[in-house]
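Notes follow the structure.
The values are calculated or read from the model by the stated rules, or taken from the named source; none is laboratory data. Remember, it's a predicted structure, so these values are computed and weren't measured experimentally. We place every Cβ from the backbone using ideal geometry, glycine too, and count neighbours over all the protein chains shown. Just so you know, the surface numbers come from the protein's heavy atoms only, side chains and all, with ligands and any DNA or RNA stripped out. Shrake-Rupley method; radii C 1.70, N 1.55, O 1.52, S 1.80 Å.
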Amino acid sequence: HIQSSPLWKDRTSVRKILPKEGLDVDTVILDLQKRAESENKKWEEGLVSGAVYGGEIKHSYLLNQVYGTYSLSNPLHPDIWPSVNQCEAEVISMTANLLNGGNVDVVGTTTSGGTESIIMAVRAHLQVYGKMRGIEFPEIICGVTAHAGLDKACEMFNIRLVKIACGDGTQFKVDAKEVERHMNSNVIMIYSSAPCYPQGVIDPIHDLSKISIKYDVGLHVDACLGGFVLPFAKMMGYNIPKFDFECTGVTSMSADTHKYGYASKGTSVVLYRNKELRRAQYFNYAKWTGGLYGTPTIAGSRAGALIACAWASLVTIGESGFKSRVKMIMDATQKIFRGVSSIEGIRVLGGEPQAMVVCFTSEDGSSLDIYEVAEGMTKKGWSLNSLQNPASLHICVTLKTVDHTDKFIDDLGNVVGELRAQTSSKPKAGSSAAIYGMAGSMPAGPVNELLKVYTDVSLSC
């Protein structure tokens, strides 16, 4: 049975049950290729914030070839695919070498992405700093800018998450003094970002490190965005504060190979200061009737092909390749920052960027609706990230957006100018601006239910 669906814009039908006979292989490949070619145009044109961080033709070819070579591999079976395990160990070691601050004891594992890396770090700290110390009601302290993956982890492990306000007064960084005011005997970990996703600022990790040492608690640094940018930027003399294991209070870090490590989607690395913490994230079960069972992360079977792709990405780009890419991204970010700062009616949040994100909102007292700006930019072909609390937008600069900085600045200036010239900037009913504005004024409960409905719809055909 085939039923039409409004969800897939460029496809007239979806299939709800298996076909009686298998479809022709060439037909299936051609169908998928046509759809992918249509969907890829937007990011290939460099008008998307984040999402696809590299996308270079030669590099994509490399990843596709490597994935095909190891498409059936599974690191759960090292006796069959020992080379995949070697790739994993080397990815961990190369990443640790960038971030360990000279500490050779730093170890880690690969995961399926930034969220799983955060979950694993929380699990490890819960074991070492919580259960082993007899803490019954564990707490983690973070800023409101912390990634939502932390909320997911705390919900999974029944940990109380204490959130510190981050605003203009601290340039959206976590205030170390506020963190210390919230310290108590139940705290197992402090969470920080380098940089955070919304405003792209780097938390004062050196100061937070002193607090973690003083109170003997863990300190996680979420460097999922910055892990393969900040080390190279620092090597080249950009003004990057201390953010990694060089700060002696840092006990774990996460860095996504599938972002600025330019690997295929589905890989990240979580690092620990020592083996004790890493072992605390493992799951082992010695009494299973199926044999001895042990896994380093949440998943049992994992895609060995993705691990091989991460390895191939790192070794083919090399230090010089990463430096050249980071320079392009950092310089483009600064150019966008200067351009956005010069546009009347909007202001940048978080100060001068230290990484790859430029976040901006309406000027104080302005009637300009920043979500209307987002809608105007969408009409010009851009796909930006709409944020809330405060209402704002950001662009996460990638290799694809580097060549379109002038267009971004010009388009943004034109959109803002047109909206400011209008007698009314009230969003149209049903527009994305109106929806975001409504969500921002509603309690979390109803909005969460709406998100569940949205997810239901996206999983339906």
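Relative to the Cα centre, the charge distribution of segment 72-167, modelled as +1 at Lys and Arg Cβ and -1 at Asp and Glu Cβ, gives a dipole magnitude of about 360 debye.
Taking 18 Å as the cut-off, the amide N atoms of segment 155-191 that come nearer than this to a point 7 Å along the Cα-to-beta-carbon line of residue 341 belong to 168-173.
What's the Cα-based Rg to Rh of segment 5-84, Rh via Kirkwood? Rounded to two decimals, Rg/Rh equals 1.06. Pairs of Cα atoms in segment 195-276 fall into 10 Å distance bins, from 0 up to the last occupied one, in shares of 19, 48, 30, 4 percent. Taken about its Cα centre, the chain carries a charge dipole of roughly 560 debye when the Cβ of each Lys and Arg holds +1 and the Cβ of each Asp and Glu holds -1. Put a dot 7 Å past the Cα of residue 45, heading toward its Cβ, do the same for residue 410, and the two dots end up 1.4 nm apart. Put simply, the amide H of residue 250, placed in the peptide plane, has no neighbours under 5 Å, leaving out anything fewer than 5 places away on its chain. One chain, two ends: residue 23 and residue 171. Fully extended at 0.36 nm per residue, the span grows by 47.7 nm beyond their Cα-Cα distance. Solvent-accessible area of the chain (1.4 angstrom probe, protein heavy atoms only): carbon and sulfur portion equals 53 percent. Under 5 Å between amide hydrogens, built in the peptide plane, is the criterion, and for residue 218 it picks out 189, 190 among residues at least 5 positions away or on other chains.
For segment 368-410, dividing the convex hull volume of the Cα atoms by the residue count gives 72 Å³ per residue. Our note on the geometry: Cα centres of segment 339-374 and segment 83-148, 34 Å apart.
Within segment 130-272, the proportion of C-alpha pairs whose separation exceeds 19 Å stands at 50%. In order along segment 450-455, the Karplus-derived 3J(HN,Hα) couplings, from 6.51 cos²θ - 1.76 cosθ + 1.60 at θ = phi - 60°, round to 5, 5, 5, 4, 4, 5 Hz, and Gly and Pro are given as x. In the full protein context, the chain carries 49 Å² of accessible surface per residue, based on a 1.4 Å probe and ignoring ligands, DNA and RNA. Where the centroid of each part is defined by its Cα atoms, how far is segment 243-272 from segment 19-66 in Å? Using only Cα atoms, the two centres lie 27 Å from each other. Compute the Cα gyration tensor for segment 77-148, then decide on rounded, prolate or oblate, letting a ≥ b ≥ c be the square roots of its eigenvalues: rounded whenever a/c is under 1.5, prolate when a/b is larger than b/c in the other cases, and oblate in all that remain. Because a/c hits 1.5 or more and a/b exceeds b/c, segment 77-148 counts as prolate. Here's how it looks for residue 267: its modeled amide H is under 5 Å from those of 258, which are all 5 or more places away or on a different chain. If you wrap the Cα atoms of the chain in a convex hull and average its projected area over all directions, you get 24.8 nm². In the P(r) worked out for segment 338-409, what percent of Cα pairs fall beyond 14 Å? Result: 60 percent of Cα pairs exceed 14 Å.
Summary: within the chain, the longest segment free of chymotrypsin sites (Phe, Trp or Tyr not before Pro) located in DSSP loops with at most 14 other C-beta atoms within 10 Å is 9-287.
Here is how the number arises for the chain: DSSP H runs of 4 or more residues each give -39500 (n - 2.57), the sum is divided by the residue count, and the result at 222 nm is -13500 deg cm²/dmol. Beta bridges assigned by DSSP with both partners in the chain are antiparallel in approximately 60 percent of cases. If the chain linking residue 458 and residue 315 were pulled fully straight, counting 0.36 nm for each residue of separation and taking away their Cα-Cα distance, it would gain 47.8 nm. Averaging the sequence gap over all C-alpha pairs within less than 8 Å and six or more residues apart, then dividing by the number of residues, gives segment 320-410 a relative contact order of 30 percent. Think of the chain as a dipole: +1 on every Lys or Arg Cβ, -1 on every Asp or Glu Cβ, centred on the Cα centre; then among 247, 87, 268, 87 lies furthest on the positive end. Residue by residue, segment 262-276 carries 3J(HN,Hα) couplings of 6, 8, 5, 4, x, 9, 8, 10, 10, 10, 10, 5, 8, 5, 4 Hz when phi is fed to the Karplus relation 6.51 cos²θ - 1.76 cosθ + 1.60 (θ = phi - 60°); x denotes Gly or Pro. With a cut-off of 14 Å, note down the residues of segment 55-75 whose backbone N falls inside the zone around a label point 7 Å from the Cα of residue 301 toward its beta carbon. Hits in segment 55-75 for residue 301 at 14 Å: 71-75.
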